Structures are given as structure tokens and as C-alpha cells.
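Worksheet: the structure to be examined is printed underneath.
The values are calculated or read from the model by the stated rules, or taken from the named source; none is laboratory data. Here the structure is a predicted model, which means the values were calculated and not measured. Every residue, glycine among them, receives a Cβ derived from its backbone with ideal geometry; neighbour counts consider all protein chains shown. For accessibility, only protein heavy atoms count, side chains too; no ligands or nucleic acids. Shrake-Rupley method; radii C 1.70, N 1.55, O 1.52, S 1.80 Å.
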Amino acid sequence: MQLYDKTAGELRRLLDEREISSVELVRNVFDRIESLDRSINAYVHVRKEEALAEAEEADRRIAGGTNVGPLTGIPVSLKDNMCINDAPTTCGSKILEGFRPPYDATVTAALKAAGAPILGSLNMDEFAMGSSTESSVYGVTRNPWDLDRVPGGSSGGSAAAVAADTAVLALGSDTGGSIRQPAAFCGVVGVKPTYGLVSRFGLIAFASSLDQIGPIAKTVEDSAMLLEVIAGGDRCDSTSIHDATTSYTKALQGGVKGLVIGLPQEYFGEGIAPEVAEAVRKAVRVLEAEGAQVKEISMPHTRHALAAYYMIAPAEASSNLARYDGVRYGLRDREAGDVTTMFRSTRREGFGSEVKRRIMLGTYALSAGYYDAYYLKALKVRTLIRQDFDAAFAECDILAAPTTPTTAFRIGEKAQDPLEMYQSDICTVTANLAGVPALSLPCGLDSQGLPIGLQLFGRALGEAQLLRTAYTYEQAAELGGPLKPRLEVV
Ligand code: GLN
């Protein structure tokens, strides 16, 4: 039976009715990976033997009828910045070459405990800095909808694999849009949870006050299934929130009657492709027909968000990345005669140019004399943006906007111009700055046949309502199930 293209929801039913086994499913997805990943380049590391052993164990659990949860037997693939015990975890960077963490990230451990086989690690922009997956040491990942285009980033491998059916479910991380933007470019669903809902322990840090792990999946239901397993407080992450989770799958039904959906005008202005804006407005009309009330609103500080983000994120990164010095992890220049030379040459060789740019920008912003003018000011702007969200959520339940200003761009198109690349994040960085949850789901194709993403924002810890709204749209939109690229196996 062809299983790799089924949703996790469908697979759950097939596994529970004993029509398929997890081993059969995992083999089937690996067949797909082996025939297709050559042209997509989503995987940087696979763990076939281990995944098959995990699938066998899951089958035993299902047969015994004990300890069976939503993901028991359903495989998940991880972005290459989440630690898997004793498996290569490299963040798409040469500097982590050969690094095998001695422990599992909390999300990895949660998936293992849930009985989800872990298939391997997925490509990403180096240290999650980027919007195209072009800066990975493993080379670019290609968008399954058009192999000459980027899949978005930085979780480009995760989104491309789910779109190409080489992963059933994937995890991504989102610091400024890295789950939602690639999900939009690849026509899949991506959820950035509230800051703190999912533990960051064992997620290789980029910008700690912004980073969140979240699901990338074929449907809203699948995202809810995955979120349910990974959400929850964790003693190992002091920023994680305890006792805040609910059953997200149970929350999907109920519709949007009476819900107030805000359309912030700032997300529909200059720089947004008219086709994208129109598709989003059309999607909102579907929700209106389902009983939601739609309201035009203003979030006046939105235009400062990108500038604030590109000050705060590099500042935190410059501090987080100081630990890669050739002593503890991965690469080391063994020829250097003294320790300072070793630090220098390891970092020179190990980091790519975008990572170096961020470290320099961040170090500058944090340095004495400039701290107040840049970093502190950016933090003040962050507060204003959070207040925009507070005001919006005082009168609306959900906000709707485009996920990205355009659909997927061509490989190489923005690689030489960092500022152009940074513009890709214009609609997504606000949710990270404010800490609120946001998701992207497909809302149609543009005239070139490329997927368009509808972004929905919710109140902090409002994931249940956010997912319900997305689910209601997905069911009502008559897109006929998940959007599928036409892919030929070569
Ligand atoms: N594209 C953004 C950046 O380059 C966001 C990255 C992310 O969310 N990890 O910083």
C-alpha cells in the first residue's frame, strides 16, 4: 500500500485498525526518500535502522493496546538543530561537523516516548539564519513545486520534505518566521507556538528570546497531533510554561461563529504581491461565510518590526554562538600553534558568511557606547509591537495576514543581497517579537502555480482557538485536501 502521502490522521486510523504496521509505514517513507531526496535534498542525515527498531517497538505497543498515543507508530523528521542522542546534529554548519550530542532534546525525547519513529534530520539555513535554505553547508534544498526555486527557510528541509511526502510530519524552529515562511512556500501547514509552550532544551540556540519549535505538517489536524505531543513545561527550560497545554486535536471542531477576525492594514500594503494579498482576503471571506466577523484594524508599529528584529536576533546570536570556539564542539583547527589562533581560524573556517555577518552586527549592537542606541532602542520597539498586539486582541480574537510578501523565489535570486533576503520576513517577525502564536496554511496557488500562505495570529496560549480557525478554513475552502506538487521521480 502507498502510505507516504497519507496524513498522520489517516495513518492513525489505519494503525489503530491494524490495517498497516508502523514498520511497513516507515519502510514506505524510506523508499520515497531514497527515490526522491536526490532531487530535493531535504535530508542531511537519515537513521533508518534506528527508526525501524522504533517502529517495531511501536507495533508492539499498538498490538498490546497499551501506551498508545496520537503519534505511536507515526514517523517524524527533525530539523538539523534539534539534538538527537548520538546522531549527527549540525545546524547546517561546518563548525558542528562531527558533533553528536550526548543527549536528546526535550522534543526528541517526547517523540521517542510517544512511540514516534524518528527518520532523520532535515536541512536548514546555517544556524537557522536565512529565509531560503541556501546557506546550509549541505547545499540548497529545492522546492518540490519548482526545483529551481527555494523552499523558504530556515526550516526549508522540513517544509520541502512534508510537501514532497518524504516526511509525514516534521519539526521546524521559528525565530522570525522559519516555520511559517517555508510552510507557505511549500504549500504545507506550519505552526509557531506561543513563546514557551514548547521546551527549547536541546534546540541549538539562535536567539533565545525568540526561538520556538513547532510542527510542519500536511494538515491542521496533523499539526495539532504533533503539537500535543511536544507542548508542555520542562524543568530543563526555565522559559517553558507549565500547565498550559490542552488537547489541540479535540479543540478543532466548533467553527468560527461569532469570532472576530482582524485584518491589520499594515500587512497588506507596499511590497506585498497583489496576488498574495488577494488570496488572503479571499480566504478571510471563507471564514466570514462560516460566521466570523471581519474587521479592518491598524497595528501602527509594524513597519519598525524588521529593523528591531534584525538588531535583537543578531545580538542574541552573537552571544549564543560564542561557544563555538573549537574547544567543545565539532570543528577544531588542529594546526594552530596557540589557543587564540585556534579560536580564530576555527571560527573563520567553520562559520559561513551570513553567520559571520550576524555575529558582527550583533557584537556591534551590544558593545559599550552603542548598546543604548541600538539594542536598547530595539527592545523598546519590541514593546511597542507587543502593545500593538495587545490592542488588536482587545477587539479581535484572531488576526489574518499574508505569511510572505511573495511566493517562492528562485534559487540565487536574493542570495547576494542580504537586505532583500531580510525583507522576506516582513510579515512573520512580529509574532516572535510579541511572543504570540501564529501559523501558516495554504490558501491557493498564484498564477505561476506556486502556493500562497494564509497567516493567522492568536492570543498568547490561544493555540486551541487558532488551530480551530485554521481547521475551519481548511474544511470550508474546498481546496480538495492538502495541496500537492506534481513531482516526477527521477
Ligand atoms: N529569516 C529569519 C532570519 O534570517 C528568520 C529565521 C528563523 O526564524 N530562524 O533571521
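Counting pairs of alpha carbon atoms under 8 Å apart in space and at least six apart in sequence, what relative contact order in percent does the chain give?
Values: 1181 pairs, mean separation 87.8, N = 490.
Computed value for the chain: 18 percent relative contact order.
Mean Kyte-Doolittle of at least -0.5 and a Cα length of 18 Å or more along the axis: which whole DSSP H helices of the chain meet both? Please report the intermediate quantities before stating the final value.
Numbers: long enough: 22-40 (26 Å, -0.07); 48-64 (24 Å, -1.00); 274-289 (22 Å, 0.17); 305-320 (22 Å, 0.51); 353-366 (20 Å, 0.03); 377-395 (28 Å, -0.13); 463-476 (19 Å, -0.68).
Long hydrophobic helices here: 22-40, 274-289, 305-320, 353-366, 377-395.
Using alpha-carbon positions, what is the distance between the centroids of the stretch 207-278 and the stretch 77-108, in Å?
So the separation of the two Cα centres works out to 25 Å.
Computed over the Cα atoms of the stretch 213-347, what is the ratio Rg over Rh, Rh following Kirkwood?
On the way: Rg = 23.0 Å, Rh = 20.3 Å.
That ratio is 1.13, to two decimals.
What FRET efficiency would be calculated for the residue pair Ala289, Arg410, taking the C-beta separation as r and a Förster radius of 30 Å, to the nearest 0.05? Could the numbers behind the result be given before it?
Values: r = 36 Å, r/R0 = 1.20.
Calculated transfer efficiency: 0.25.
What ³J(HN,Hα) values, in whole Hz, does the Karplus curve 6.51 cos²θ - 1.76 cosθ + 1.60 give for the stretch 167-176 when θ = phi - 60°, with x put for Gly and Pro?
Karplus-based 3J(HN,Hα) across the stretch 167-176 equals 9, 7, 9, 9, 9, x, 10, 9, 9, x Hz.
Going by average Cβ neighbours within 10 Å, how do the peptides 114-121, 302-309, 77-84 rank, with the highest at the top? Mind showing how you got there, number by number?
Working: 114-121: 26.6, 302-309: 20.4, 77-84: 28.1.
Top of the packing list down: 77-84, 114-121, 302-309.
Relative contact order (percent) for the stretch 356-490, with alpha-carbon contacts under 8 angstrom and 6 or more residues of separation? Please report the intermediate quantities before stating the final value.
Details: 119 pairs, mean separation 29.1, N = 135.
Here the relative contact order equals 22 percent.
Using only Cα atoms, locate the centre of the stretch 306-327 and the centre of the stretch 1-15, then give the distance between them in Å, rounded to an integer.
The stretch 306-327 and the stretch 1-15 have Cα centres spaced 41 Å from each other.
Taking square-rooted eigenvalues a ≥ b ≥ c of the alpha carbon gyration tensor, is the stretch 391-466 rounded, prolate or oblate, where a/c under 1.5 means rounded and, failing that, a/b exceeding b/c means prolate? Intermediate results must be reported in sequence, preceding the final value.
On the way: a/c = 3.09, a/b = 1.66, b/c = 1.86.
Verdict is oblate for the stretch 391-466.
If each DSSP helix of 4+ residues adds -39,500 (n - 2.57) and the sum is divided by the residues in the chain, what number results at 222 nm, nearest 500 deg cm²/dmol? Each step should come with its number before you reach the end.
Numbers: 15 runs with 183 residues, N = 490.
Calculated at 222 nm, the ellipticity per residue is -11500 deg cm²/dmol.
Could you order Lys380, Lys6, Lys257 so the one with the most accessible surface comes first? Probe is 1.4 Å. Spell out each step's value before the answer.
Working: Lys380 130, Lys6 50, Lys257 170 Å².
From most accessible down to least: Lys257, Lys380, Lys6.
Report, to two decimal places, the Cα Rg of the chain normalised by 2.2 N^0.38 Å (N = number of residues). Mind showing how you got there, number by number?
Working: Rg = 21.2 Å, N = 490, 2.2 N^0.38 = 23.2 Å.
Taking the Cα Rg and dividing by 2.2 N^0.38 Å, one obtains 0.91.
Out of all DSSP beta bridges with both ends in the chain, state the antiparallel percent to the nearest 5. Don't jump to the answer; show the numbers that get you there.
Details: 28 of 41 bridges.
Around 70 percent of the beta bridges assigned by DSSP in the chain are antiparallel ones.
In the stretch 452-483, which residues have a backbone nitrogen under 12 Å from the label point lying 7 Å from Glu10's Cα in the Cα-to-Cβ direction?
Output list for this probe position: 481-483.
Quick one: grab the alpha carbon gyration tensor of the stretch 90-158, order the square roots of its eigenvalues as a ≥ b ≥ c, and give me rounded if a/c is under 1.5, else prolate or oblate depending on whether a/b is larger than b/c.
Numbers: a/c = 2.70, a/b = 1.51, b/c = 1.78.
Because a/c hits 1.5 or more and a/b fails to exceed b/c, the stretch 90-158 counts as oblate.
Could you provide, to the nearest whole Å², the per residue accessible area of the stretch 272-325 with probe 1.4 Å? Mind showing how you got there, number by number?
Working: 2350 Å² over 54 residues.
I get 43 Å² per residue for this part.
On a 1.4 Å probe surface of the protein chains, which of Arg328, Arg468, Arg27, Arg47 comes out largest in accessible area, and what is the full order? Working shown, then result.
On the way: Arg328 155, Arg468 60, Arg27 125, Arg47 20 Å².
Accessible-area ranking of Arg328, Arg468, Arg27, Arg47, largest first: Arg328, Arg27, Arg468, Arg47.
May I ask you to compute the full-extension gain from Glu420 to Ala273, defined as 0.36 nm times their residue separation minus their alpha-carbon distance, rounded to one decimal in nm?
Working: separation 147, 0.36 × 147 = 52.92 nm, distance 1.47 nm.
Roughly 51.4 nm would be gained on extension.
So how exposed is Ser35, as accessible area in Å² (1.4 Å probe, rounded to 10)?
40
On a 25 Å Cα-Cα criterion, which of the cross-link pairs Lys6/Lys414; Lys295/Lys380; Lys79/Lys484; Lys282/Lys484 come out too long? Present the calculation step by step, with values, prior to reporting the outcome.
Values: Lys6/Lys414 34 Å; Lys295/Lys380 28 Å; Lys79/Lys484 22 Å; Lys282/Lys484 20 Å.
Violating the 25 Å limit, Cα to Cα: Lys6/Lys414; Lys295/Lys380.
Give me the dipole magnitude in Debye, nearest 20, for the chain about the Cα centre, with unit charges on the beta carbon: positive for Lys and Arg, negative for Asp and Glu.
The calculation lands at about 680 debye.
Keeping all protein chains in the complex and leaving out DNA, RNA and ligands, what accessible area do you get for Tyr4 with a 1.4 Å probe, in Å² to the nearest 10?
That residue has around 40 Å² of solvent-accessible surface.
Please state the Cα pair-distance histogram of the stretch 32-87 with 5 angstrom bins from zero: what percent is in each bin?
For the stretch 32-87, the binned pair fractions read 4, 15, 22, 21, 18, 12, 6, 2, 0 percent.
Once each part is reduced to its C-alpha centroid, what is the distance from the stretch 130-159 to the stretch 396-427 in angstrom?
After rounding, the separation between the Cα centres reads 14 Å.
So for the stretch 153-197, averaging the separation of alpha carbon pairs under 8 Å that are six or more residues apart and normalising by length, what relative contact order in percent results? Each step should come with its number before you reach the end.
Working: 52 pairs, mean separation 17.0, N = 45.
So the answer I get is 38 percent.
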